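The values are calculated or read from the model by the stated rules, or taken from the named source; none is laboratory data. The structure displayed is predicted, hence computed values, not measured ones. Here the Cβ positions follow ideal geometry from the backbone for every residue, glycine too, while neighbour counts run over all protein chains shown.
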C-alpha cells in the first residue's frame, strides 16, 4: 500500500513539475500564450494575453467560445506541413494574431496532456495584406437587359431618353465608388474599380439594381441590369475574362442580377424579376438556320436531355429527332432510365418504331468525332443523360430554357439558352417552324411537344408568354389533341392518394411558405411533388411552396414553386438544383425531414424569408 501511494505521489510531483515548468516557460515568452486542457478550458495564461483580450481573468473560460476558433481548426495547426495545414489568424483588441500550438504531456500520465496556444502578433503583415487586397484592380460590366424590347415599347422621345436616364444613374453610382466608367456600346458599360469599393457594393447587395428598376418608362416591364464582376485573378486579362463570363451568366439567368466571380468562386445577387419575353423572333430564325447547317454537316446526330427525363425533356428531344430525320440524317435518342410519369408517351414512341432509342453504353460505342450531339432541357454536365458523348462528339448544341448555372457547358458549337421561354419544347417548336417550309411533325410528335409545354407551365398558368401560346397554337393546328395530352399526365390511384395526403399534412410557416412531405417513396415522386407544390400556391397567403418526397432510387426529390415574390431557384441551387424564379427542383441524398430542417435554417438566415412567429 505504501508503495502504491509513493508511486502516486511521484506521478503527482512529476505532473506538478511539468506544469510549473510550462507556466514558467509561458511567463517568459515575448508573446501571448495560454494553456488549454482537453475540454477546452483555459488553465493558465501569461501576462502578454492582455494584448489579445483587453481584460484579465480568462483562466477558467472556454477557449473556443472566447476565440471563436473550432476544435478541428486548432488540431489542424498541429499537423506536419501539408496541403491540409492552414494558418489560423484571429482579430482581437484591434490586432491580428496567428495561432500556433504545442502539445505537452506527462510521460507518467498521458491523460494529463495539455495544449499550449501561442498568439503571434501579425498585425503589420495583415494590414499590409489588406491594403494590397483593397488596391487590387477589379473589372465590372453593367448591361441593360432587354434593350431592344425597351426601345420598341416606347415612343421616339422615350427611346432617346431611356439610355440617358439609365446612364445618369449608373455614372452617379460609379462616381460614388470611385470607379472609372466608359461605354462599350449603347447598352453596356465597363467599370474599372478597386476591390475595396467592390466589397462596399457587395455589402449593399448591389442596390443599384433596385434604383434602376424604379426608373419610369412606358414599357409594361421595368428596366433591369445584368452586372458581371471579375476579381481575384493575377493579371488584367484574366480579370476581364472573369467579368465577361460573370455578365454572360447574369444575362443567361434572366437578368436583373449581379454575378461576382472571385477566382473560382461565384456568388449571385438579386434576380427578383421574371425574365422578359422577347417579342422579336429573329434569334429563333438564326438558331434554326445554324442548327440546320450543323445537322447537314454531321455524320449522324445523338439527341439527349437530362437524366430521368420529364415530359419537356422527352418532348423536345422527339422534336429535335424529327428535324434531324427531315434533313436526311441518321438520329438516335439517348434514354437510359425513366420514371412512370413518362411511361405512356415513352411506350407510344417505342411502339411506333419510328424512333431509334438507345442506352448510354450503346451511345458511347456508336458516337464518333464526326457526329453531332444535341442536348435539350439542360445545360449542366452533371445532369446530362450521357455526358461522355460531349467529349466524344465533334460538335455540341445546347437548347435549354433554364437559368444559366456556373457549371454550365462551355465551348459549345451552338448554344440557345433563353430563360424567358416556358420550356425547351417551346424553343424547339419555334426552331421546327423556321427550319422546314412545310409541316414535318405528325400528331404524336405535336402532342409530345405540347405536353412538354403543358407540364413546365402548369397547364399554361405560370411562365407563359405570347410566344408560348403562339407555339401551342401552331402545334394544335398541326394535329395535337389536348385530350390525348391530358392522358399523358394521368396517375394511378396510389399516386393520387399520396398527393392528397401530402396536401392534407402540409405545414404552413409564418412567412408565406408552405412545406409538404410525401410519405414512403414513389416512382412518380417528381410529378407528384410538382403537382403538390402547384396546388399549395392556391392557398391564401402562400407565396412559395416546397414539396418533398423520395423516389424509387431513395433520393429526395424537391419541387419549389412561387408566385414571383420569392426566388425558389436561388433557394434550390443551395441543394444542387436549379430552374427559374417561380419554378425549380433538386434531388439530394438526405432524408426529406433533414432537407426541411435545412430549408428552415435557410429561411431563418435570410431577412426577407425569416419566419415570423404568430
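Worth a mention:
- The residues in region 516-546 that are surrounded by 24 or more Cβ atoms within 10 Å (Cβ to Cβ) and more than 18 Å from residue 497 (Cα to Cα) can be counted, and the count is 3.
- So residue 470, is it more than 29 Å from the chain's Cα centre (by Cα), modelled with pLDDT of 90 or more and closer than 30 Å to residue 587 by Cα: no
- Residue within region 455-467 that is in contact with a helix residue (DSSP H, G or I) (Cβ under 9 Å, 6 or more places away or on another chain), modelled with pLDDT of 90 or more and assigned to a helix (DSSP H, G or I) present: yes
- Of the helices (runs of 4 or more DSSP H) lying entirely inside region 1-111, those containing at least 2 residues that are modelled with pLDDT of 80 or more and surrounded by 14 or more Cβ atoms within 10 Å (Cβ to Cβ) are 63-67, 71-76.
- Considering residues of region 267-284 that are surrounded by fewer than 17 Cβ atoms within 10 Å (Cβ to Cβ) and at pLDDT 70 or above only, the residue nearest to residue 213 (Cα to Cα): 267
- Of the residues making up region 180-210, those that are in contact with a helix residue (DSSP H, G or I) (Cβ under 7 Å, 6 or more places away or on another chain) and more than 17 Å from residue 226 (Cβ to Cβ) are 194, 195, 196.
- Taken as a whole, the condition of being touching a helix residue (DSSP H, G or I) at 6+ places or on another chain (Cβ under 6 Å), surrounded by 19 or more Cβ atoms within 10 Å (Cβ to Cβ), modelled with pLDDT of 95 or more and under 30 Å from residue 563 (Cβ atoms) does not apply to residue 445.
- Filter result for the condition that a residue is assigned to a strand (DSSP E or B) and more than 19 Å from residue 461 (Cβ to Cβ), over 518, 559: 518
- Looking across region 175-211, just one residue is in contact (Cβ under 8 Å) with a residue 60 or more places away in the chain and within 28 Å of residue 466 (Cβ to Cβ), and that is 209.
- Residue ranges of helices (runs of 4 or more DSSP H) in region 148-246 with at least 3 members more than 30 Å from residue 136 (Cβ to Cβ): 156-176
- Number of residues in region 475-494 that are assigned to a helix (DSSP H, G or I) and either at positive phi or touching a residue at least 60 places away in the same chain (Cβ under 8 Å) (or both): the value is 2.
- Which numbered condition residue 581 misses (of (1) modelled with pLDDT under 90; (2) part of a loop (DSSP other than H, G, I, E, B); (3) farther than 17 Å from residue 456 by Cα): (3)
- From the options 569, 587, residue that is under 25 Å from residue 404 (Cβ atoms), in contact with a strand residue (DSSP E or B) (Cβ under 6 Å, 6 or more places away or on another chain), in a helix (DSSP H, G or I) and touching a residue at least 12 places away in the same chain (Cβ under 8 Å): 569
- Residue, nearest to residue 254 (Cα to Cα), within region 129-147, restricted to residues that are at pLDDT below 90 and outside any loop (DSSP other than H, G, I, E, B): 147
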